[in-house]
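Notes to accompany the following structure.
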Amino acid sequence: QKKKLLEELGESRLPYVTPADADFHQLWKTKYSKLHFRKSDTVPEELHQMVQEGFLALRKHNCFFQDLVRIKGKDFLTPVSRILIGNLGCTYKYLNTRLFTVPWPTEGHDIKYCSPQIHDACKALIRLNDYLRIEAVKVLQGQNLFETKEIKDREQNFTTSLTEKGSVSKDQSSCVPVDDYVSLKNRTSYNLTLLNYMDPLQMQYLKQEPYFGMGSMAVSWHHDENLVERSTVAVYSYSCEGSAVEESNEQTLKGRDPAVWHVGLKVAWDIETPGLAIPLRQGDFYLMLDDLNMTHQHCVLAGFAPRFSSTHRVADCSRGTLEYIFGQCELALQNLQTDSDSMALSLKSLETAVVKQVEEIHNEVEFEWLRQFWFQGKRYLKCTDWWLKPMAKLEEFWRKMEIMTSLVLSEIGKEEQIEEQRNETINCFLIVLTERQKLRKEWTER
């Protein structure tokens, strides 16, 4: 799609607007209404201070890392350095790379941080998380009330006109379904935040924005991945003060000020609608509401000063929590039994479906968890050692599954096996083992 769009554009560039343009607010209202923006003076000063001190402490302790991500079979280091902070045992996957949360302080759990400053930073971020969640609920409720009032007015007019014609009785006018509080809560219950940091002046090369000519990008156009459908994404931005670089005079510039960080928005794969570039001042935040992340794409345009951001998400953790993967392991190990006298291990069942399920879980533990955790090095240890125990437990489960694989091989080699059943087991077993071999080779190369 990108290639096709760029070919269609040729040398020309699409139009975009900034707040300096007369038609900015009209375009925002009509095409980007699900982007909600708040200036920094609406956020409590005490919260600003806590969060900004937290950012600087994490940077001081070298807790931001460039991720090695995989796009179309190739590995790339991200220009932006990141750290994931969030619910205990949660993970977040993007571009084939799984990140593991540094847990924020959780009642009833003793989480050992490498320094009191890291603890305070995580505490500040859970405070920011709570604040942004409450603000998102308010905004969504406000929008729903507005939309509901409009629908009710339209329905009332429609019912009145039909009643006047005598074709419907007044008590037949339908109820308006409103997005209830539970749904609002689910779509704003941020379970983690992905923190970003970049100093543009330290970067040798930044990609240029290709469609509108908006300038240097810190993050290319994308939809956020791995989120609960129609959930809100909240982004708090903090560009560092005291930079040697002065802002340009906006009046003399056409388009966006290159000294100032901006968020760029566009309607996905559309060349009719102008784009938006919105300046991000220190402490501003914005909300991407409802389905905006699906219908639109966004990018981050680099300014001159270093910048942090905290991007709060409702990650889809259906397959991304420790609780989930431990449950899978327990399911697989139900097929392993120990002889009470000899202590010899054996399999309870050699049914094809059972063997297939166990071997697929074996692959999931190895490639979605153990290798994902260790291939980026011991970087999490700069913040906390919390993940070491769960990973040791997962490795123990994995070793048992390796034994189970050997037991399957040994069983299907026995002559008393019925040939038809044996062939069926071998066929399904071979597919999973071939996949395992291919992935081991791929991960070794990574």
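Considering only Gln66, Gln421, Gln328, give the residue with the highest GNM mean-square fluctuation for the chain, with springs between Cα atoms whenever their separation is below 10 Å.
Result for the chain, Cα springs under 10 Å: Gln421 fluctuates most.
Go through 435-442, 309-316 and give me the packing order, highest mean Cβ count within 10 Å leading.
Details: 435-442: 12.8, 309-316: 23.1.
The most tightly packed comes first, giving 309-316, 435-442.
Given the options Leu84, Leu388, Leu301, which has the most mean-square fluctuation in a GNM of the chain, springs set between C-alpha atoms less than 10 angstrom apart?
Top of the fluctuation ranking is Leu388.
Taking Cα centroids, how far is region 1-78 from region 370-416 in Å?
38 Å
All other residues with a Cβ under 12 Å from the Cβ of Phe76 taken together, and with Lys, Arg as +1 and Asp, Glu as -1, what is their net charge?
Values: positive: Arg70, Lys72, Lys74, Lys207, Arg446; negative: Asp67, Asp75.
Within the 12 Å Cβ shell, the charges total +3.
Quick one: net charge of Val432's neighbours, Cβ under 12 Å, K/R +1, D/E -1? Could you put the intermediate results ahead of the total?
On the way: positive: Lys356, Arg436, Lys438; negative: Glu359, Glu360, Glu364, Glu366, Glu435.
Value of the local net charge: -2.
Ignoring ligands, DNA and RNA, what percent of the accessible area of the chain is carbon or sulfur (1.4 Å)?
Values: 12160 of 23520 Å².
Looking at the chain in its full context, I get 52 percent from C and S.
Given a 1.4 Å probe and heavy atoms of the protein chains only, how would you sort Leu77, Leu194, Leu333, largest accessible area at the top? The partial results should precede the final answer.
On the way: Leu77 105, Leu194 5, Leu333 30 Å².
The most accessible residue leads, giving Leu77, Leu333, Leu194.
Just one of (i) 99, 64, 62; (ii) 99, 62, 47; (iii) 82, 74, 53 is Cα extents along the principal axes in Å as worked out from the coordinates here. Which one is it?
Among (i) 99, 64, 62; (ii) 99, 62, 47; (iii) 82, 74, 53, the one calculated here is (iii).
Give me the net charge of Lys389's neighbourhood, meaning all other residues with Cβ under 14 Å from the Cβ of Lys389; Lys, Arg count +1, Asp, Glu -1. Walk me through the numbers on the way to the answer.
Working: positive: Lys112, Lys393; negative: Asp110, Asp385, Glu395, Glu396.
Combined, the nearby Lys, Arg, Asp and Glu give -2.
I want to verify a result. In a Gaussian network model of the chain, Cα cutoff 10 Å, which of these has the top mean-square fluctuation: Val233, Val102, Val137?
Judging by the Gaussian network model, the answer is Val137.
With the cut-off at 29 Å, tell me which of the pairs Lys93/Lys185; Lys2/Lys382; Lys39/Lys123; Lys34/Lys74; Lys2/Lys29 have Cα atoms farther apart than that. Intermediate results must be reported in sequence, preceding the final value.
Details: Lys93/Lys185 23 Å; Lys2/Lys382 38 Å; Lys39/Lys123 23 Å; Lys34/Lys74 34 Å; Lys2/Lys29 27 Å.
Exceeds cut-off: Lys2/Lys382; Lys34/Lys74.
What number, in percent, do you get for the relative contact order of the chain if the mean sequence gap of Cα pairs under 8 Å and at least 6 apart is divided by its residue count? Please list the in-between numbers first.
Values: 683 pairs, mean separation 89.7, N = 446.
It comes to 20 percent, rounded to a whole number.
When the solvent-accessible surface of protein heavy atoms is calculated with a 1.4 angstrom probe, in what order do Asp270, Asp67 fall, highest first?
Working: Asp270 35, Asp67 0 Å².
Ranked from most to least accessible, the order is Asp270, Asp67.
Please compute, over every Cα-Cα pair in region 322-445, the percentage with a separation greater than 19 angstrom. Working shown, then result.
Numbers: 4078 of 7626 pairs.
Result: 53 percent of Cα pairs exceed 19 Å.
Might you tell me the accessible area per residue for region 78-149, computed with a 1.4 Å probe and given in Å²?
Working: 3080 Å² over 72 residues.
About 43 Å² of surface per residue is accessible.
Is region 309-377 best put as rounded, prolate or oblate by its Cα gyration tensor, with a ≥ b ≥ c the root eigenvalues, rounded for a/c under 1.5, and otherwise prolate when a/b is larger than b/c, oblate when not? Please report the intermediate quantities before stating the final value.
Working: a/c = 2.85, a/b = 2.36, b/c = 1.21.
Here region 309-377 falls in the prolate category.
Which order do peptides 28-40, 51-63 fall in by mean Cβ count within 10 Å, highest first? Write down the numbers at each step before the final one.
On the way: 28-40: 15.4, 51-63: 18.8.
Averaged packing, sorted descending, gives the order 51-63, 28-40.
Can you list the DSSP H helices in the chain whose Cα atoms extend at least 18 Å along the helix axis and whose mean Kyte-Doolittle hydropathy is -0.5 or higher? Display every interim value, and only then the final one.
Numbers: long enough: 45-60 (22 Å, -0.46); 116-164 (72 Å, -0.59); 388-412 (36 Å, 0.15); 419-445 (38 Å, -1.09).
Helices meeting the criterion: 45-60, 388-412.
With respect to the cross-link table entries Lys400/Lys438; Lys31/Lys138; Lys414/Lys441; Lys356/Lys389, which display a Cα-Cα separation exceeding 25 Å? Let's see the in-between values first.
Numbers: Lys400/Lys438 21 Å; Lys31/Lys138 22 Å; Lys414/Lys441 30 Å; Lys356/Lys389 28 Å.
Too far apart for the 25 Å limit: Lys414/Lys441; Lys356/Lys389.
Just check region 13-86 against the gyration tensor rule for me: Cα atoms, a ≥ b ≥ c as the square roots of the eigenvalues, rounded for a/c under 1.5, and otherwise prolate or oblate depending on whether a/b exceeds b/c. It would help to have the intermediate numbers written out before the result.
Values: a/c = 2.98, a/b = 1.26, b/c = 2.37.
Oblate is the answer for region 13-86, as a/c is 1.5 or above yet b/c matches or exceeds a/b.
The values are calculated or read from the model by the stated rules, or taken from the named source; none is laboratory data. All figures in this text were calculated on a predicted structure; none of them were measured in a lab. Positions of Cβ are generated from backbone atoms using ideal geometry, with glycine treated the same way; all protein chains shown enter the neighbour counts. Surface areas here come from the heavy atoms of the whole protein model, side chains and all, with no ligands, DNA or RNA. Shrake-Rupley method; radii C 1.70, N 1.55, O 1.52, S 1.80 Å.
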